[in-house]
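Student: For reference, the structure I am asking about is given below.
Every number here is computed from the coordinates shown, using simple stated rules; none is lab data. Please read these numbers as outputs of a predicted model, since none were measured by experiment. Positions of Cβ are backbone-derived with ideal geometry, glycine not excepted, and every protein chain shown enters the neighbour counts.
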Amino acid sequence: MLDPISLGAIGAVLGAVGLGMANEAGRWAWESTGGLVRRITGREVPAPDTPAELDAVARLLHDRLREDPRLARTWTRFAAGVRPPGAPGGAPACLPAAPRSFTDRRDALKLLDKEAARPFEGRPRLALLHGPEGIGTSTLALHWGWRNTARFPDGQLYADLRTLAPEAAPATLLRRLGLPDEELPPATEDRAELLRRTLAGRRLLLVLDHARSTAQLRPLLPAAPDVFTVVVARRPLTGLDALPVPVGPLARRDAVRLLTELAGKPAIGAARATLPAVLDRCAGSPYALRAAAPRLTAPLVPTPRAPEGPDVNDPVHAAADDSYRLLPPDAARLYRLAGLRDWPALDPAATARAADTDPETAARLLEELADTLLLERTDTGRYRYRPAVRAHAERLAAGTDGIAACSAAVSRTVGHYTRLAVGAARAALPESWRVPPERPDRPDFPDRGAALAALAAETANLVEAVAAADEFGDPGTVTLLCRALWPLQLKAGRHETLLPALRTGVRTADTHVPGTRAAGALHAQLAHTLTEVRRWDEAEREALAAADAERTAGHPRGHASAVEFLGLLRLRQWRFTEAYDRFEEAGRVLDGIGPDDEGAADLPRARALLERHRGRALRGQGDHPEALRHLERALRFFRDTGESYNTARTLTDLAETRLDGGAPEAALPLVEEALAALAQENAEYPLRYLRELRQRCLDTD
């Protein structure tokens, strides 16, 4: 059994606590660890932010624990309650369904068989299927995967990297392995490390579809000996040490066989005269053949072709053009105007605004477009374009509708997302002064949860809407949309996805409305997300910028909040003395708010929160008597106002302070009261943490 005060065990505990900071219970544990490190070492030690820094802290602890048996017992009890984010269990079966009709590819299938079965010998099993768009690389990977499920008793894992930023991909795979959002490590590097740990020892197939670069793949590639990874890309990827499996056009006889399976022998017979021309135009592309099958005997409608371009001879472009020429005018118009931006997931409400129609009509037209393969259906009931097909639609829109109509279509769609985002944000956090004011045309939501769910479902589209508004030179919409992201940041995470939009929002505000409340709010939002992904130096710069903008704007409530945030950042960094000073500064700013000033009604609660934060900082410094006084003042306020969640949080802080001070008998009833306060809150992770804290009270000598 591993010695709990060995260097390796101490480093593992520190690493596990760091990985667990995704939820509030994990952040409590991290803060408590910082206080314990200070207590053991006798001085304030900054929180480690790199592997080298973590190793240095572990060595400090190791040396002190070897010298002091009493401290060693304290650390051992603490370490016994630490565990990394829950290792997902079960065997995921995430492969999408493979198409019914499949032909040829015998050589490629043999290469995949060979790579999957070869001895490991220290080299991860990795194959790269590559070929031009529409050539069937994804279909080949799925067909092989479903045919070989028996090889992989621990499951098949799939990720479509087409619309995923590199920061988001590890989280997506961990979710599909069963890890809840509340246990996802905050930093991308930590998520990649947890993914590698989770895959180790599993016999599993990993399919990474639509890869764009080796850099995108690097955090996702396991070194586990029994994991077989199949990467699908449009071209060879430089620097990827994989077995190359090129996928080219189908031979003519296989193209005829596939077309026969799709259309049936009678249709092939009826189209015998035109079949050679169809095969020439499809050029062995399975996508083009699938698109051509339903219209083998259909008369061509004289609608405009797409303007000439560099991909005019591409079979996917040709297939899209042929399918487009059979569309009725309303479907053709929606196809063109909805494809002007790379929206990650189209639904009837958004496409109705793009085409200036009603959602019922848009829903019908989307189904027509999906039936002709001009759109793909997603597993969430929405739709998306293939890249080459969207390029075809965009080129047609420019030539058919003109610049003014195209700009209007994008503006209407961005307006739809802005209305939805602001309305949902206000419904999700009605008490927050950070959320933009309510609009008269806001959508209705039955409750806060439904509003937050609506925001979460549109996260990727909202990020794209911010990019569109930025390109269109609309700074007001950029800042409005970004401010509406606050409930997502606060309640749903997804920080890695939101980061590009928030950076755009801050840049826009600094350019167009510097020194305003909007600029302060956006700097604060960016600081929050940077903190959650553990980019602490950047977060500090943004928080300082937020404080400066709020002070310049004459908004003391926002100024105090930004300074308070700097204190919370210092708590995260285990810099407890500086944290206390920041909370004192924030209190002085609040003291400047008069009884008739904006924010006056919020002052009692704001001061109570600062009291709690002061207590946490003093506990980290080891000043338990003063910490208890501040925490008890905060507790009285939250009890009197009936805030059960903040009551439980403060009770937890008090219990930990009592426990640190060597009074487990005084800590235990506080833990029990906190458990009772949270019983109706559906707060799984704080409850779990409190149960672990109760056990520490019972186990203390």
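Student: Using Cα-Cα distances under 8 Å and only pairs 6 or more residues apart, what relative contact order does region 7-80 have, in percent?
Tutor: 31
Student: Cα gyration tensor of region 623-701, axes a ≥ b ≥ c as square roots of the eigenvalues: rounded (a/c below 1.5), prolate (a/b > b/c) or oblate?
Tutor: The shape class here is oblate.
Student: Show the residues, 5+ positions off or on another chain, whose built amide H is closer than 5 Å to the amide H of ALA93.
Tutor: The answer is GLN156.
Student: For region 253-269, take each phi angle, set θ = phi - 60°, evaluate the Karplus expression 6.51 cos²θ - 1.76 cosθ + 1.60, and give the result in whole Hz per residue in order, putting x for glycine and proline.
Tutor: Once rounded to whole Hz, the list reads 5, 6, 5, 5, 4, 5, 5, 5, 4, 7, 9, x, 4, x, 5, 5, x.
Student: Ordered by residue, what ³J(HN,Hα) values in Hz, to whole numbers, does region 30-35 give under the Karplus form 6.51 cos²θ - 1.76 cosθ + 1.60, where θ = phi - 60° and Gly and Pro are x?
Tutor: Per residue, the Karplus-derived 3J(HN,Hα) values read 5, 4, 4, 4, x, x Hz.
Student: By counting other Cβ atoms within 10 Å of each Cβ, how are LEU631, LEU366 ranked from fewest to most?
Tutor: LEU366, LEU631
Student: While we're looking at this one, here's another question. What nm value, rounded to one decimal, do you get for the distance between ARG272 and ARG412 when each label is placed 7 Å out toward the C-beta?
Tutor: It is 4.9 nm.
Student: Right, here's the next one. Relative to the longest principal Cα axis of the chain, at what angle does helix 188-199 sit, 0 to 90 degrees, rounded to 10?
Tutor: The answer is roughly 70 degrees.
Student: Moving on. Restricting to DSSP H runs of at least four residues, report the calculated mean residue ellipticity at 222 nm for the chain, -39500 (n - 2.57) per run over all residues, nearest 500 deg cm²/dmol.
Tutor: The helix contribution divided over the chain gives -19000 deg cm²/dmol.
Student: Tell me which residues come under 5 Å, amide H to amide H, from VAL207 once H is placed; ignore anything under 5 positions away on its chain.
Tutor: Here the answer is LEU157, TYR158, ALA159, VAL230, since their amide H atoms fall under 5 Å of that of VAL207.
Student: Here is a further query. Among HIS630, PRO132, PRO348, whose Cα projects farthest towards the positive end of the dipole of the chain, with charges put on the beta-carbon of Lys, Arg (+1) and Asp, Glu (-1)?
Tutor: Result: PRO132.
Student: Hey, another quick one. What nm value, rounded to one decimal, do you get for the distance between ARG633 and THR41 when each label is placed 7 Å out toward the C-beta?
Tutor: Here the answer is 3.0 nm between the modelled labels.
Student: In degrees between 0 and 90, to the nearest 10, how far off the longest principal axis of the chain does helix 664-678 point, with axes built from Cα atoms?
Tutor: Rounded to the nearest ten degrees, it is 40.
Student: Applying 1/(1 + (r/R0)^6) with R0 = 60 Å to the Cβ-Cβ distance of ARG588 and ARG100, what FRET efficiency is obtained, to the nearest 0.05?
Tutor: 0.30
Student: How much length, in nm to one decimal, is gained on full extension between ARG541 and ASP55, taken as 0.36 nm per residue of separation minus their Cα-Cα distance? Can you show the working numbers first?
Tutor: Working: separation 486, 0.36 × 486 = 174.96 nm, distance 2.67 nm.
Residue separation times 0.36 nm, minus the Cα-Cα distance, leaves 172.3 nm.
Student: Let me ask something else. By how many nm would the segment from ASP581 to VAL256 grow when fully extended, if each residue of separation counts as 0.36 nm and the alpha-carbon distance is taken off?
Tutor: 109.4 nm
Student: Could you check what % of the DSSP bridge pairs in the chain are antiparallel, to the nearest 5?
Tutor: Expressed as a percentage, antiparallel bridges in the chain total about 10.
Student: For the pair THR361 and ILE403, what calculated FRET efficiency results from E = 1/(1 + (r/R0)^6), where r is the Cβ-Cβ distance and R0 = 30 Å, to the nearest 0.05?
Tutor: Efficiency, from the Cβ-Cβ distance: 0.75.
Student: Using 7 Å Cα-to-Cβ label points, what is the THR380/GLU598 separation (nm, one decimal)?
Tutor: 3.4
Student: Could I ask something else about it? Considering the Cα trace of region 252-400, what is its radius of gyration and what is Dmax, both in angstroms?
Tutor: Gyration radius and largest Cα-Cα distance of region 252-400: 15.4, 45 Å.
Student: Compute, for the chain, the length of the dipole vector about the Cα centre, with Cβ point charges of +1 (Lys, Arg) and -1 (Asp, Glu) only. Units Debye, rounded to 20.
Tutor: 2040
Student: Also, I was wondering about something else. Apply the Karplus parameterisation 6.51 cos²θ - 1.76 cosθ + 1.60, with θ equal to phi minus 60°, to every residue of region 637-643 and state each ³J(HN,Hα) to the nearest whole Hz, in sequence, with x for glycine and proline.
Tutor: My calculation for region 637-643 gives 5, 5, 5, 5, 8, x, 7 Hz in order.
Student: So how strong a dipole does region 252-400 carry about its Cα centre when Lys and Arg Cβ are +1 and Asp and Glu Cβ are -1, to the nearest 20 debye?
Tutor: That gives a dipole near 440 debye.
Student: Percent of Cα-Cα pairs per 20 Å bin, from 0 to the last occupied bin, for the chain, please list those.
Tutor: That works out to 16, 43, 31, 10, 1, in percent per bin.
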